[in-house]
Structure formats: structure tokens, C-alpha cells
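In what follows, a structure is listed as C-alpha cells, so that the remarks can point back to it.
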Amino acid sequence: MVNASTVTAPIMFGKLHVAPIVQEFLAAYPEVTVRLVLTDGVIDLVDHHVDVAIRIGRLPDSALVARRVGGIRWVTCASPDYLRRRGTPQTPTELLDHDCIAYEGLELERDWRFSGPQGAFDVTIRPRYSVNTADAVINGALAGLGVASLLSYQVADNVRDGSLVSILNDWAPAQFAVQVVHTAKQHQPLKLRAFLDFATPKLEERMRRIAERYQAKGINAASAI
């Protein structure tokens, strides 16, 4: 195995969960090289000669071979200090009376998805602070600037250590899958098989540990992972 493998993943998920596994893989297979591309855009695996992609949500191409390694959902959260000062919203519509932090770039992204007895619905927030990276949203929430909506894996450590509090858990939207995908090939290259056999169970274990962090706080793991 001397050829490089190209792996792609969403930026923050890749930094937190894929890059450490790639580093372990390289240590276990000294003769292999890996090119890790972190992007929140959807890369065409064939056009860009990508061997493996970590995808969150629906797959745009049904021809891909996919294995589910876990699930995530949006988590509404805020710092304990903010909730002491402003109170804890009990229903999504109460967010209209709260400071919110929007995760958005040049285009406005202000509809937060929830699920209730009548099904899924959106609440259009009025943010006090908007920023275009998840890290900056988390930092704003930690600073007590308002309520944030982030993916469960992004704030699992914060929820576990109590620096952020997960709220509106009974209104959480349905989770969506995290999948390891690759193109269908009759004869799988040895380097690809080695990476899949190495990385897939490690990703599954990481997703299980995220679920356990929410369980420790009494949050239903079925909706939190």
C-alpha cells in the first residue's frame, strides 16, 4: 500500500473526530499516505478522486456505498449564566423573547427546526449576534451572549462539563445520520479496505461516547446522538 488515500469530512467534525483517527491510521501503517480535505461543501467523489467521505445528513448520490456510524441532531443550548439572568425558555416560541446567536454567513440562516405533537416546525429567531463558524458560535454561547443552536457532537463536551446547558430537549428535531461513504467498486483497493476497517469502528465508538455524555445529563440518547 503505497498510494495516497483521499478522505473528506465536514470541517468541525473532521477536526474533532476524523483527523485523530487518520493520525492513528498513519501510525499503524507507516507506508501509507493520506490526504485529508475538510470542507462543509459536498465533494463529488468521482470527479475529485476521493476515496472516502464522511457525510452528515442525506446522501445526494444513491450510487454511493454508505455505512451509518451514528446520528446527530441540533441542540439548543446556553450558558448557565445566561439562563440565570434571562430564564430558561420552556417552548421554542419563547426564543423570540431571548437573545440568540445565529450560525450564518452572508446569507441569513435564522430558521431553527423543532419537533412537537403536530410534527416538525421552524422558529425564526432574531439574533443579537451572528457569526459564520461553529467555534465562534460556541464561544459566544460560553460568553453568555445568548441561546445557540449547534450540532450535538459540537457541544457534547460543553454539555458534559456544564459550561453549556442543553434546553428544549423535549422539542428536539429528529436526528440525522453520520455515514462513511465511498464509491461502489467490484474490487476494493487494499488501501481503501484497510482504512475503512480501521476507521469505521473507531468512528462508531466516538459516536457512542458522545451519546453517553448526553445520557450522563439525563438527556435521551436516542435523540441526542
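Just so it is clear, none of the values below were taken in a lab; they were calculated from the coordinates. The structure presented is a predicted model; accordingly, all values stated were derived computationally and were not measured. All Cβ positions, even for glycine, are placed from backbone atoms using ideal geometry, and neighbour counts span all protein chains on display.
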Ranking VAL137, SER79, LEU108 by how far each Cα lies towards the positive end of the charge dipole of segment 74-171 (+1 on Lys and Arg Cβ, -1 on Asp and Glu Cβ), the top one is SER79
In units of 2.2 N^0.38 Å, the Cα radius of gyration of segment 74-171 is 0.98
In nm, the gap between the two label points placed 7 Å beyond Cα toward Cβ at ALA63 and HIS49 is 1.9
Of 39-48, 68-77, 14-23, ordering from highest average Cβ density within 10 Å down gives 68-77, 14-23, 39-48
In nm, the gap between the two label points placed 7 Å beyond Cα toward Cβ at ALA174 and ASP111 is 1.7
Rg (one decimal) and Dmax (whole number) from the Cα set of segment 1-121, in Å, equal 19.7, 58
Of the residues ILE219, PRO173, PRO201, the Cα lying farthest along the dipole of segment 122-225 towards its positive end, which is defined by charges on the beta carbon of Lys, Arg, Asp and Glu, belongs to PRO201
Gyration tensor on Cα atoms of segment 1-54, a ≥ b ≥ c root eigenvalues, a/c under 1.5 rounded, else prolate if a/b beats b/c, else oblate, says oblate
Partner lysines whose C-alpha sits under 27 Å from that of LYS217, ignoring same-chain residues fewer than 8 away, are LYS15, LYS202
Computed for segment 74-171: size of charge dipole around the Cα centre, +1 on C-beta of each Lys and Arg, -1 on C-beta of each Asp and Glu, debye to nearest 20, value 240
Most exposed to least, judged by fewest other Cβ atoms within 10 Å, MET12, MET207 sort to MET12, MET207
Taking only the alpha-carbon positions of segment 157-209 as identical scatterers, the Debye log10 I(q)/I(0) at q = 0.12, 0.21, 0.25, 0.30 Å⁻¹ comes out as -0.51, -0.93, -1.09, -1.18
Among the Cα-Cα pairs of the chain, the proportion with separation greater than 21 Å, in percent, is 58
Quick calc, the chain, dipole around Cα centre from Cβ unit charges on Lys, Arg (+) and Asp, Glu (-), nearest 20 debye, gives 440
Taking only C-alpha positions in segment 119-225, Rg and Dmax in angstrom work out to 17.5, 53
